[in-house]
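Let me begin by presenting the structure, written as structure tokens, before commenting on it.
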Amino acid sequence: MHKILVEIYNPAAEKSYDVFIPLKSKLYEVSFLLSNAISELSEGYYQASEQTVLCDRYTGEIFDINQTVEELGLKNGSKLMLL
């Protein structure tokens with residue numbers, strides 16, 4: 001399985017996390033897993049919910065959750081934000 005390393009920033013916790021994500025997974029799957037993991041890692045600062053959004057950290061562009069990571073053009077070193 002091919003994976004890429006991305007940086008996920010969570011403003012609620014004011015922390016960044018380096019995470020490997022699979023290229024062939026749909027973003028809604030990745031978003032769900034990241035949301036739950038960061039909820040645990042943030043020690044209560046971030047609460048996972050169904051309204052979780054993944055976007056580009058610099059442009060604020062919200063990604064289409066029905067596309068795969070590869071289709072979105074994400075690469076090693078991409079910086080994302082989890083809201």
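Looking across the stretch 1-25 at every residue that is part of a loop (DSSP other than H, G, I, E, B) and among the small types (Gly, Ala, Ser), the one that is farthest from MET81 (Cα to Cα) is identified as SER25.
Give the residue that is nearest to ASN76 (Cα to Cα), with candidates limited to residues of the stretch 5-55 that are among the aromatic types (Phe, Trp, Tyr) and touching a helix residue (DSSP H, G or I) at 6+ places or on another chain (Cβ under 7 Å).
The residue in question is TYR17.
Between SER39, SER25, the distinction of being touching a Phe, Trp or Tyr at 6+ places or on another chain (Cβ under 6 Å), of a type outside the set (A, V, I, L, M, F, W, C) and surrounded by 12 or more Cβ atoms within 10 Å (Cβ to Cβ) belongs to SER39 only. Comparison of TYR58, TYR28 shows that the only residue that is out of contact with any Pro (no Cβ under 6 Å at 6 or more places or on another chain) and assigned to a loop (DSSP other than H, G, I, E, B) is TYR58. Looking at the stretch 65-79, can you tell me whether even one residue there is in contact (Cβ under 8 Å) with a residue 60 or more places away in the chain and part of a strand (DSSP E or B)? Yes, the stretch 65-79 contains at least one residue that is in contact (Cβ under 8 Å) with a residue 60 or more places away in the chain and part of a strand (DSSP E or B).
Scan the stretch 1-17 and report the pairs whose first residue is on the phi > 0 side of the Ramachandran plot and surrounded by 16 or more Cβ atoms within 10 Å (Cβ to Cβ) and whose second residue is in a strand (DSSP E or B) and of a type in the set (Val, Ile, Thr), with Cβ atoms within less than 7 Å and a gap of 6+ or a chain change. Final answer for the pair search is none. Do we have any residue at all in the stretch 48-61 that's modelled with pLDDT under 90, polar (S, T, N, Q) and loosely packed, with under 12 Cβ neighbours inside 10 Å? Yes, there is a match, as at least one residue in the stretch 48-61 is modelled with pLDDT under 90, polar (S, T, N, Q) and loosely packed, with under 12 Cβ neighbours inside 10 Å.
The values are calculated or read from the model by the stated rules, or taken from the named source; none is laboratory data. Values in this document were obtained by computation on a predicted structure and should not be read as measured data. No Cβ is skipped: glycine too gets one built from the backbone with ideal geometry, and neighbour counts run over all protein chains shown.
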